[in-house]
Amino acid sequence: MRRLTLRTVALGYLALILLGPLSVVFWRAFEKGFGPAWNAVTTPEALHAFQLTLVIAAIAVPANTIFGVLCALLIVRHPFPGKGLLNALVDLPLALSPVVVGFALFLLYGRTGWFGSWLSGHGIQVLFALPSMILATAFVSIPFVVREVVPVLREIGTDQEQAAETLGASQWQTFRRVTFPAIRWAVAYGVVLTTARSLGEYGAVSVVSGRLAGQTETATLYVSDRYENFDIVGAYAASVVLALMAIVVLLTMNLLRPKEGVH
Amino acid sequence: MSPFSGLTLGIVVTYLSLIVALPLAALVWQSTKSGDTGFWQSLTSPEAVAALKLTLLASLAVALVNAIAGTVIAWVLIRDEFPGKGVVNALIDLPFALPTIVAGLTMLALYGPRSPVGIDVAYTRTAIVLALLFVTLPFVVRTVQPVLQELDRELEEAAESLGASDWQTFSRVVFPNLLPGILSGVALAFAKAVGEFGSVVIITGNIPFKTEVSSVYIFGQIQSGNTSGAAAASVVLLAISFGVLLLIGAFRRWATRHHA
Amino acid sequence: MGIRVEGVTKRFGSFTALNDVSLDVQQGSLTALLGPSGSGKSTLLRVIAGLERPDAGRVTISGEDATSVAPRKRGVGFVFQHYAAFKHMTVRGNIAFGLKIRKRPRAEVRARVDELLALVQLQPFADRYPSQLSGGQRQRMALARALAVEPKVLLLDEPFGALDTRVRGELREWLHRLHDEVRVTTVFVTHDQEEAMALADQIAVLHDGRIEQVGSPRDLYDQPQTPFVMSFVGAAAQLGERWVRQHDLDLKLEPTAGALEARVERIARLGFEARVELQLAGSGTIWAQMTCAELNRLELERGATVWVMADRARVFAESS
C-alpha cells in the first residue's frame with residue numbers, strides 16, 4: 001500500500017514537472033501543421049544557426065575530452081601542490097551561472113580587457129565572433145569528462161599499469177593498451193554529457209556572441225531570437241529539433257551510464 | 001615527476017588557465033577597479049539586492065522541494081518495479097539534456113497565457129519556482145540513486161530482525177546513510193538554481209524588483225554598459241558558487257568518515 | 001519447544017534451493033547446518049528467521065507457528081557473515097538498537113548494554129565506531145546486538161567466514177562458552193565441517209536443497225548414511241562399490257586374502273601424520289593415512305609393493 005502511494009507521488013510529480021513541458025513543445029510547433037514548422041527550421045538563418053552549434057560542439061567537445069583525460073590522470077596518478085585549487089577550478093563551471101561566465105570572457109577579451117586590446121590591435125576578433133563562443137562553450141562543459149574518469153581511474157588502481165611497465169611497455173603504450181581501455185566507457189559517458197551541455201548552452205554565448213542573426217547565432221540563440229520576433233512557430237519548431245537532439249542524448253546517456261557490468 | 005607527467009601538467013594548467021582561470025581573474029580584477037566604495041555601491045543598489053534576495057529565496061525553496069521529491073523518486077526508481085521504469089529513469093536526465101531556453105519556452109507554453117491546463121502564472125514568482133524545479137530535477141535523484149543502490153540490504157534485514165518497523169528502519173538506518181548524498185545533490189541543485197538564466201528569462205518577464213533574478217539582472221547591466229554593476233553582482237554569484245563547492249567537498253568527507 | 005521445520009520448499013525462479021526439508025532443533029541446543037555452497041543451508045536459516053518466505057511447509061518457533069510472521073515479530077536474533085554493522089552508530093548504539101526500537105527506558109537500556117559489553121568483552125570499545133574495530137570485534141558486537149533483545153532463537157549465517165584462521169578459532173571457543181552461559185537455542189550455518197564438529201551438539205548435513213542426515217558429530221562420522229555425508233564429514237575414498245576412510249586402510253607387506261595390490265607412488269610426512277599415495281594394480285589411485293610411527297614400522301619406500309586391506313569399508317544402499 002505504501003509502495004503504491006510512494007510510486008504515485010513520484011510519478012505524479014514527474015508528470016507535472018517533466019512530461020507536460022515536453023509534450024507542449026511538440027504541440028505548439030506543429031499547431032499550424034507540419035509545413036510551416038518545416039519552413040521555419042529550413043530558413044538560411046536557421047540552418048546557419050544549427051550549423052554553428054554543431055561546429056562549436058565539434059571543437060569544444062574534443063578539446064575538453066583530451067583535457068579531461070589528461071587532467072584526470074594528473075589528479076589521480078600524480079599529486080602535486082595546488083591540486084585542490086585545480087579541482088575547484090575544474091568543478092566550478094558546474095556551480096557557476098552561465099551569464100557570469102559570459103561576462104568574465106567579455107571582460108577578458110573586450111576592447112579594454114587584458115587580451116582584448118592586444119588581439120584587436122592584431123585584427124583578431126574574439127568577442128562577437130566564433131572564438132569567444134567556443135571559449136564560452138568549452139568553459140561551461142569542462143567538468144564532465146574529468147569527473148567521470150577520475151573515480152574509475154581511482155578504482156582500477158595502478159597494479160595493471162605497473163604490470164605493463166615490468167613487461168617493458170613505454171608510458172604511451174601502457175596508456176593506449178592498459179589504461180585507456182579501462183576508462184573508455186567513462187570517457188564515452190563524459191563525452192555525451194559534454195556534448196549535451198555544449199549543444200544546449202545559452203546564457204554564456206548570449207553574452208559573448210552579440211547575437212548577430214545569420215552570423216553569430218547558435219541554435220539556442222536562434223530560438224530566443226524567433227520568440228522575441230513573435231515568430232512562435234519558428235521558435236517552437238527550432239525547439240523541437242533541439243528537443244529531439246536532447247532525446248537522442250538522453251538515450252545515449254542511459255545506454256552508457258556506468259552500472260555494474262558496463263565496464 | 002617523469003617528463004610525461006610534467007608535460008601533462010603543463011598542458012592541463014595552460015588549458016585550464018586559458019579557459020577558466022584567466023576569465024575569472026579578469027572578473028575579479030574588474031570588480032576591484034571601481035574601488036571599494038564603487039563596488040559596494042553597485043553591490044547594494046536596490047535592484048541588485050532585490051534580485052539577489054529573490055534568487056536566494058527561490059533557490060532555497062527549490063532545493064528543499066528537491067530534497068524530498070528527489071529522494072522519493074530515487075527510492076521508487078531503485079526499490080520499486082513497474083512497467084516503463086526504464087523510460088522514467090531515462091527521462092530524469094531530460095532537464096540536463098534539454099537546452100535551458102527550450103525549457104523556458106515550454107514552461108511558458110504550459111503555464112502561461114494560452115495554457116492547455118488553464119494555469120497562467122507567467123510573469124509571477126511561481127513561474128520562477130516551476131522553471132527552477134524543472135532544471136534542478138536530476139540533481140538529488142542522481143546523487144541519491146547510487147547510494148541507495150550500494151546500500152547493503154543486510155543492514156535493513158538486521159534492523160528488521162531486531163524488531164524495527166519499516167519507518168524505524170528507514171529513519172534510523174537507511175536515512176543517515178543517504179543524508180550525505182541528499183545534501184550533495186541539494187547543494188548542486190541550489191547552485192544551479194542560483195545561476196539559472198535561460199529557463200527563467202522568458203517566462204518571468206524579468207520585472208525588476210518583482211520577478212528579476214540575479215543572472216538576468218547581470219545580463220541587463222551588461223547590455224546597458226554598466227560594467228561595475230555587472231561585476232559586483234557577478235562576484236557575489238561567483239562567491240556563492242565557490243562556497244557551494246566547498247560545502248559539497250565537506251559533505252563528501254563527512255560521508256566517508258565512518259568507512260572502514 | 002525449540003524450532004521445528006516441516007516440509008519446507010523454497011524456489012528462486014527455476015532454482016529449487018530447499019526441497020521438502022524437515023528438521024527439529026531442541027530447545028537450548030547448538031545446531032549446525034553444514035553443507036557446500038548452494039546446498040540451501042543459508043536459505044534454510046533465512047526461512048527460519050523469516051527473511052525468506054517458503055513456498056511450502058511450516059516453521060514453528062517455541063511452539064508457535066511462525067510461518068507467516070514477519071521477522072521483527074519472531075523473536076529471532078540474526079548474525080550476518082559480514083556483520084551488517086550500523087556504520088553510523090557507535091558500538092554502544094549498535095547494541096542498544098533493538099532496545100531503543102522497543103522504547104525501553106534509558107536507564108534500562110544503558111544497564112543492559114553495559115552487561116552485554118562485558119559479556120562480549122568490548123567495554124573499552126563502547127564509544128568507538130565499527131570502522132575502528134577488527135573483524136572479530138565487529139562480529140562480537142553483532143552478537144551482542146542480537147542478544148540484547150533476548151531472542152528466543154539465535155541464528156548465525158557463516159559467522160566466522162570473513163575472519164582469518166586464528167581469529168576464527170578463538171571466536172569458535174568463545175561462542176561455545178557463550179552458549180554454555182546463555183543457553184539460547186542456537187543454529188549456525190557453516191561449510192567448514194571441522195567447525196561444525198567442534199561446536200555443535202547436532203549437525204544437519206544439507207546437499208542440493210535436501211537434508212542428507214541429522215545427528216551428533218560422532219554419529220555422522222562413525223555412521224554416515226550416504227556417500228556424500230561420509231566424504232563431506234571427514235574424508236573418504238571409493239573402492240568400487242565400497243567407501244572407506246583413509247585412516248581405515250591397512251597396508252600389509254605380504255599378499256593377503258581380500259587385499260588389493262598397490263604400488264607406493266609418494267610418501268608425505270606431515271608432522272604427526274603421514275600420507276602414502278598408492279597406485280592400485282587394477283587402476284586408480286588412493287591415499288592412505290597413518291601415523292608416522294606406523295609408517296616407520298612398515299619401512300615403506302617409493303616403488304614398494306603393498307597389499308591394501310579395507311575391512312572397515314562400508315556399502316551404501318541406493319538412496320532416493
Quick one: is residue A:185 surrounded by fewer than 16 Cβ atoms within 10 Å (Cβ to Cβ) and either of a type in the set (Val, Ile, Thr) or in a helix (DSSP H, G or I) (or both)? no
For residue A:234, only one of the following conditions fails: (1) within 9 Å of another protein chain (Cβ to nearest Cβ); (2) within 22 Å of residue A:55 (Cβ to Cβ); (3) more than 22 Å from the chain's Cα centre (by Cα). What is its number? (1)
Count of segment C:80-95 residues which are surrounded by fewer than 22 Cβ atoms within 10 Å (Cβ to Cβ) and within 13 Å of another protein chain (Cβ to nearest Cβ): 7
Among the candidates B:170, B:139, B:134, residue that is closer than 30 Å to residue C:83 by Cβ, in a helix (DSSP H, G or I) and within 13 Å of chain A (Cβ to nearest Cβ): B:170
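I'm trying to understand the selection: among the residues of segment A:40-53, which are under 15 Å from residue A:129 (Cα atoms) and either in contact (Cβ under 8 Å) with a residue 24 or more places away in the chain or touching a strand residue (DSSP E or B) at 6+ places or on another chain (Cβ under 7 Å) (or both)? So that I can check it myself, show each step before the final result.
Here is the first cut: in segment A:40-53, the ones under 15 Å from residue A:129 (Cα atoms) are A:48-49, A:51-53.
Residues satisfying the conditions are A:48, A:49, A:52, A:53.
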So if I check each of B:158, B:109, B:187, which one is under 29 Å from residue B:252 (Cβ atoms) and within 13 Å of chain A (Cβ to nearest Cβ)? B:187
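Within segment B:70-95, restricting attention to residues that are among the small types (Gly, Ala, Ser), touching a helix residue (DSSP H, G or I) at 6+ places or on another chain (Cβ under 8 Å) and surrounded by fewer than 21 Cβ atoms within 10 Å (Cβ to Cβ), which residue is farthest from the other protein chains (Cβ to nearest Cβ)? Before you say what the answer is, go through the steps one by one.
Filtering segment B:70-95 down to residues among the small types (Gly, Ala, Ser) leaves B:70, B:74, B:84, B:86, B:90.
Narrowing the set further to residues that are touching a helix residue (DSSP H, G or I) at 6+ places or on another chain (Cβ under 8 Å) leaves B:70, B:74, B:86, B:90.
Still in the list and also surrounded by fewer than 21 Cβ atoms within 10 Å (Cβ to Cβ): B:86, B:90.
Details: B:86: 8, B:90: 4 Å.
Top of the filtered list is B:86.
Name the residue, out of C:265, C:241, C:277, C:301, that is of a type in the set (D, E, K, R) and touching a Leu at 6+ places or on another chain (Cβ under 9 Å). Break it down into steps so the answer makes sense when it comes.
Values: C:241 fails: touching a Leu at 6+ places or on another chain (Cβ under 9 Å); C:277 fails: touching a Leu at 6+ places or on another chain (Cβ under 9 Å); C:301 fails: touching a Leu at 6+ places or on another chain (Cβ under 9 Å).
Step by step, each of C:265, C:241, C:277, C:301 is checked, and only C:265 is of a type in the set (D, E, K, R) and touching a Leu at 6+ places or on another chain (Cβ under 9 Å).
Taking residue B:101, is it of a type in the set (Val, Ile, Thr), in contact with a Phe, Trp or Tyr (Cβ under 7 Å, 6 or more places away or on another chain), in contact (Cβ under 8 Å) with a residue 24 or more places away in the chain and buried (at least 19 other Cβ atoms within 10 Å of the Cβ)?
yes
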The condition of being assigned to a loop (DSSP other than H, G, I, E, B) and either of a type in the set (Gly, Ala, Ser) or without any contact (Cβ under 8 Å) to a residue 24 or more places away in the chain (or both) holds, among A:177, A:211, only for A:211
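Residues that are polar (S, T, N, Q), at least 1 per element: which helices (runs of 4 or more DSSP H) completely within segment B:81-121 meet that? I'd like the intermediate steps shown before the answer.
Numbers: elements: B:85-91, B:94-97, B:100-111.
Here the list reads B:85-91, B:100-111.
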Test residue A:131 against the stated conditions and say whether it is without any contact (Cβ under 8 Å) to a residue 60 or more places away in the chain, more than 8 Å from chain B (Cβ to nearest Cβ) and within 22 Å of residue A:220 (Cα to Cα). yes
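Restrict the check to segment B:156-169 and report whether at least one residue is among the hydrophobic types (A, V, I, L, M, F, W, C) and closer than 19 Å to residue B:77 by Cβ.
Keep residues of segment B:156-169 that are among the hydrophobic types (A, V, I, L, M, F, W, C), which gives B:158-159, B:162, B:164, B:167.
Those left that are additionally closer than 19 Å to residue B:77 by Cβ: none.
Checked segment B:156-169: no residue is among the hydrophobic types (A, V, I, L, M, F, W, C) and closer than 19 Å to residue B:77 by Cβ.
Quick one: in segment B:29-39, which of the residues that are more than 9 Å from chain A (Cβ to nearest Cβ) and in a helix (DSSP H, G or I) is surrounded by the most Cβ atoms within 10 Å (Cβ to Cβ)? Steps first, answer last, please.
Narrowing segment B:29-39 to residues more than 9 Å from chain A (Cβ to nearest Cβ): B:31-39.
Next, from what is left, pick out any that are in a helix (DSSP H, G or I): B:31-33, B:35-39.
Values: B:31: 24, B:32: 12, B:33: 13, B:35: 11, B:36: 8, B:37: 8, B:38: 16, B:39: 18.
The extreme case among them is B:31.
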Just to verify a result, which residue in segment B:221-246, among those that are at pLDDT below 90 and among the small types (Gly, Ala, Ser), is surrounded by the most Cβ atoms within 10 Å (Cβ to Cβ)? B:229
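Residue C:73: loosely packed, with under 15 Cβ neighbours inside 10 Å and within 13 Å of chain B (Cβ to nearest Cβ), yes or no?
Working: loosely packed, with under 15 Cβ neighbours inside 10 Å: yes; within 13 Å of chain B (Cβ to nearest Cβ): yes.
Spelling it out, residue C:73 is indeed loosely packed, with under 15 Cβ neighbours inside 10 Å and within 13 Å of chain B (Cβ to nearest Cβ).
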Are any of the residues in segment A:23-32 out of contact with any strand residue (DSSP E or B) (no Cβ under 7 Å at 6 or more places or on another chain) and closer than 29 Å to residue A:156 by Cα? no
Among the residues of segment A:214-238, the number that are surrounded by 21 or more Cβ atoms within 10 Å (Cβ to Cβ), in a loop (DSSP other than H, G, I, E, B) and of a type in the set (S, T, N, Q) is 2
Restricting attention to segment C:218-225, does a residue exist that is assigned by TED's automatic domain parsing to the domain that holds residue C:137, in contact (Cβ under 8 Å) with a residue 24 or more places away in the chain and hydrophobic (A, V, I, L, M, F, W, C)? no
Inspect all residues belonging to segment B:83-96 and state whether any of them is modelled with pLDDT of 90 or more and under 30 Å from residue B:222 (Cα atoms). yes
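Please tell me if residue C:274 is assigned to a strand (DSSP E or B) and more than 26 Å from residue C:155 (Cα to Cα).
Working: assigned to a strand (DSSP E or B): yes; more than 26 Å from residue C:155 (Cα to Cα): yes.
Yes: the conditions hold for residue C:274.
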Which of the residues that make up segment C:27-45 are within 20 Å of residue C:212 (Cβ to Cβ), not hydroxyl-bearing (Ser, Thr, Tyr) and not in a strand (DSSP E or B)? C:35, C:36, C:38, C:40, C:41, C:44, C:45
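Here is a list: A:211, A:154. Which entry is surrounded by fewer than 24 Cβ atoms within 10 Å (Cβ to Cβ) and within 20 Å of the chain's Cα centre (by Cα)? Lay out the reasoning, then the answer.
On the way: A:154 fails: within 20 Å of the chain's Cα centre (by Cα).
Exactly one residue qualifies, and that residue is A:211.
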Single condition residue A:162 does not satisfy, out of (1) modelled with pLDDT under 90; (2) touching a helix residue (DSSP H, G or I) at 6+ places or on another chain (Cβ under 7 Å): (2)
If we keep only residues of segment C:285-313 that are outside any strand (DSSP E or B) and without any contact (Cβ under 8 Å) to a residue 24 or more places away in the chain, then the residue surrounded by the fewest Cβ atoms within 10 Å (Cβ to Cβ) is C:299
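Answer yes if at least one residue in segment B:34-48 is modelled with pLDDT of 90 or more and more than 28 Å from the chain's Cα centre (by Cα), and no otherwise.
Our first condition is that a residue be modelled with pLDDT of 90 or more; within segment B:34-48, this holds for none.
Within segment B:34-48, none of the residues are modelled with pLDDT of 90 or more and more than 28 Å from the chain's Cα centre (by Cα).
So, in segment B:200-215, exactly how many residues are basic (Lys, Arg) and facing chain A (nearest Cβ under 9 Å)? Steps first, answer last, please.
If we filter segment B:200-215 for residues that are basic (Lys, Arg), which is where we start, we get B:210.
With the extra rule that they be facing chain A (nearest Cβ under 9 Å), the set shrinks to none.
Summing the residues that are basic (Lys, Arg) and facing chain A (nearest Cβ under 9 Å) in segment B:200-215 gives 0.
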Taking segment A:107-158 and keeping only residues that are hydroxyl-bearing (Ser, Thr, Tyr) and outside any helix (DSSP H, G or I), one is left with A:112, A:141, A:158
Please list, ordered by residue number, the helices (runs of 4 or more DSSP H) wholly in segment A:1-102 having 2 or more residues that are among the small types (Gly, Ala, Ser) and within 8 Å of chain B (Cβ to nearest Cβ). A:83-95
If a residue has to be among the hydrophobic types (A, V, I, L, M, F, W, C), under 13 Å from residue A:45 (Cβ atoms) and at pLDDT below 90 to count, how many in segment A:206-234 make the cut? 2
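The values are calculated or read from the model by the stated rules, or taken from the named source; none is laboratory data. Note that the structure is a prediction, hence the values are computed from the model and not measured. Here Cβ is always computed from backbone atoms with ideal geometry, including for glycine, and neighbour counts include all displayed protein chains.
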